[in-house]
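Read the structure below first, then the notes.
The values are calculated or read from the model by the stated rules, or taken from the named source; none is laboratory data. In this text, all values refer to a predicted model and were calculated from it rather than measured experimentally. Glycine also receives a Cβ, built like all others from the backbone with ideal geometry; neighbour counts cover every protein chain displayed. Ligands, DNA and RNA are stripped out before the accessible areas are found, and what is left, the full protein with its side chains, is counted by its heavy atoms. Shrake-Rupley method; radii C 1.70, N 1.55, O 1.52, S 1.80 Å.
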Amino acid sequence: MASPAIRFDTLGQVFDTRSGRTEALRDVSFEVARHEFVAILGPSGCGKSTLLRLIAGLLRPTSGSVEVFGLQVGEPRDDIGIVFQKPTLLPWATVEDNVVFPARHKRGRVSPEERERAAALLRMVGLEGFAKRLPDELSGGMQQRVGIARALLMDPDILLMDEPFSALDALTREVMGFDLLRIFAERPKTVVFITHSVSEAALLADRVLVMTGRPGSVLTDVVVPVGRPRGPETANEKAIHDLSAYLRSFLLQKAA
Amino acid sequence: MTSVPTYAASSSKRQPKAMTDPVAGASPFFRRLATAPGMATLGSLIAVVVLWELTARIFAIPSYLLPTPSSVIQSFSSIGYDRWFVHVWATLRVAMIGYALSIVIAIPLAILMLRSPFLSRTLYPLLVVVQSTPVVAVAPIIIVSLGAGDAPRVVITCLITFFPLVVSTATGLAATPPELIELSRSLRAPAWREITQIRLPFAVPYIFSALKISITLAVIGAVVAEFCASEAGVGYFIQFSTSMFRLPQAWAGLIVLAAMSLVLFQLVLFAQKSLFPWSLPKKD
């Protein structure tokens with residue numbers, strides 16, 4: 001049997017800060033299969049972002065292990081893309097140059113194929129015709145689309161998304177969610193998606209992990225009982241509603 | 001029936017315009033002139049000069065106390081362009097070399113301080129000490145140690161322009177969004193590219209605000225150096241003129257200095273506008 005895309009095994013993470021030691025994560029174990037979309041839901045400060053940084057190889061675990069495709073994560077890998085909470089684009093570079101930035105930054109040059117890929121990605125995220133614009137000229141949602149295109153440039157197997165839509169207004173957020181469903185239907189990826197939104201998690205993910213507050217650990221692991229493809233009509237399905245209600249009550253119970 | 005709403009609409013359109021526009025009734029030519037950029041500044045400047053001239057004349061203020069603008073202008077032209085050129089060039093040369101040297105040292109130093117916390121810890125206090133020492137007081141000492149020529153003047157200019165550049169650049173380099181640094185690390189890009197492609201461009205607004213401060217400081221530095229020891233330069237010219245009680249001439253030198261600073265400042269601003277338009281604050 002092939003190894004899972006991502007495997008956390010009794011992982012613990014402790015940070016030494018000025019005010020003392022902070023235990024961010026405790027005994028975290030879960031797996032993410034290849035091309036699975038896993039949403040991580042939890043209160044602020046439960047170490048969700050730390051999980052992503054561990055997968056990305058930007059952080060070494062204090063105890064336990066993180067494996068990506070069967071290999072212990074030591075340093076950052078080429079097959080992982082990251083979408084941040086804020087778009088964090090380069091304000092001096094055009095949309096196109098922002099999308100090809102990973103190539104330019106890694107190797108110092110951009111190949112014609114990568115330029116083509118960037119154009120295709122911009123089409124895919126609905127920004128055709130905006131290639132020569134500067135980020136400032138774009139709305140927040142459009143900027144985040146550029147951020148997604150940038151993360152997809154190297155065609156990573158794994159996409160890490162850290163509350164990518166939390167800075168957007170409710171309507172844009174919903175539209176972006178449906179766009180994401182369409183994008184991943186075209187081009188399946190292993191996705192770890194961090195969010196505060198219960199309905200977003202239920203609509204987008206194959207599985208939802210709910211985490212507790214600090215020190216963070218996985219409280220429950222729920223499979224979303226709805227198949228793919230999904231679209232705007234999926235949001236109205238009873239199973240999604242039921243799951244959202246369940247997750248919400250679960251979170252509220254734990255918060256109390 | 002229809003005339004009432006029409007009247008209401010047109011009056012509501014006209015009224016605020018008449019309230020906000022002071023030259024509403026003037027001819028189109030005068031209107032355009034009065035609303036041109038910088039017109040208000042120029043207008044108030046002319047008013048001050050005229051008031052000054054009138055006051056000096058009416059109250060017969062002696063010229064060694066307050067020369068009239070007309071006598072300043074007169075002395076300006078009586079000096080002759082070749083003499084002006086010698087003095088302006090002497091000051092400009094020292095200011096520019098000192099400024100350039102300052103930039104060339106400050107920016108790499110800020111990068112080094114970012115890369116090495118040790119260097120940052122050891123250099124920062126030293127920089128603060130240098131900055132806290134009045135340059136005017138240090139200048140004569142430097143002149144004595146470094147002797148004649150441009151070298152001591154350039155060093156003095158450097159000393160005065162250096163601090164804002166280092167501090168601002170260091171702040172700018174550190175103000176990069178942490179996400180982009182994580183992106184850089186996740187790509188395993190070479191460290192120097194993190195500086196050139198992310199940190200330095202993000203520091204551009206900070207660097208330019210320091211460049212704007214430092215360009216006027218550079219002129220001050222050059223003049224301070226001339227006050228201590230020199231045989232040419234606008235600062236020297238002013239000192240020489242006051243020692244001869246030629247006040248209108250000294251004022252003319254002062255105006256030349258101010259104009260020099262202003263032009264240099266505008267040049268820096270122009271460089272920022274044309275090279276890094278995105279780095280300017282947004283206008284709404």
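Can you give me the long-range amide H partners of residue A:29? Hydrogens built in the peptide plane at 1.01 Å from N, cutoff under 5 Å, separation of 5 or more residues or another chain.
A:10, A:11, A:218
Cα-Cα over 29 Å: which of A:86/A:106; A:86/A:189; A:132/B:212; A:86/A:238? Numbers along the way, then the final one.
Values: A:86/A:106 21 Å; A:86/A:189 21 Å; A:132/B:212 31 Å; A:86/A:238 32 Å.
Violating the 29 Å Cα-Cα cut-off are A:132/B:212; A:86/A:238.
Once R0 is set to 25 Å, what does the formula 1/(1 + (r/R0)^6) return for the Cβ-Cβ distance between residue A:178 and residue A:120, expressed as a FRET efficiency to the nearest 0.05?
0.80
Say the dipole of the protein assembly as shown comes from +1 at the beta carbon of Lys and Arg and -1 at that of Asp and Glu; which of B:105, A:50, B:29 then lies farthest toward its positive end?
B:29
How much accessible surface does residue A:197 have with a 1.4 Å probe, in Å² rounded to 10?
The accessible area of residue A:197 comes to roughly 30 Å².
If I take R0 = 35 Å and measure r between the Cβ atoms of residue A:31 and residue A:109 in this structure, what FRET efficiency does the formula 1/(1 + (r/R0)^6) give, to the nearest 0.05?
After rounding, the FRET efficiency stands at 0.40.
For residue B:145 and residue B:282 in one chain, what is 0.36 nm times their gap in residues minus the Cα-Cα distance, to one decimal in nm?
The residue B:145-residue B:282 span can extend by a further 44.6 nm.
Compute the length gained on full extension between residue B:120 and residue B:78: take 0.36 nm times their separation in residues and subtract their Cα-Cα distance, giving the result in nm to one decimal.
Once the chain is fully extended between residue B:120 and residue B:78, it gains 9.8 nm.
What are the chymotrypsin sites (Phe, Trp or Tyr not before Pro) within region B:215-284 that DSSP puts in a loop, where the Cβ has at most 14 other Cβ atoms within 10 Å?
Values: sites: B:227, B:236, B:237, B:240, B:245, B:251, B:265, B:270, B:278; in loops: B:245.
Within region B:215-284, the qualifying chymotrypsin sites (Phe, Trp or Tyr not before Pro) (loop, at most 14 other Cβ atoms within 10 Å) are B:245.
Place a +1 charge on the Cβ of each Lys and Arg in the protein assembly as shown and a -1 charge on the Cβ of each Asp and Glu, then give the dipole magnitude about the Cα centre in debye, rounded to the nearest 20.
880
Could you grab the relative contact order for region A:90-155? Cα pairs under 8 Å, six or more apart, rounded to a whole percent. The partial results should precede the final answer.
Values: 71 pairs, mean separation 32.1, N = 66.
With pairs under 8 Å counted, the relative contact order is 49 percent.
What does the C-alpha gyration tensor say about the overall shape of chain B? Classify as rounded when a/c is under 1.5, otherwise prolate if a/b is larger than b/c, or oblate.
Since a/c reaches 1.5 but b/c is at least a/b, the shape of chain B is classed as oblate.
Calculate, for residue B:132 and residue B:265, the FRET efficiency according to 1/(1 + (r/R0)^6) with r their C-beta to C-beta distance and R0 35 Å; round to the nearest 0.05. Don't jump to the answer; show the numbers that get you there.
Numbers: r = 25 Å, r/R0 = 0.72.
Working from the Cβ atoms, E equals 0.90.
Calculate the length of the line joining the C-alpha centroid of region A:185-239 to that of region B:145-203, in whole Å.
That distance is 45 Å.
On the accessible surface of chain A, probed at 1.4 Å, how many percent belong to carbon and sulfur atoms?
51
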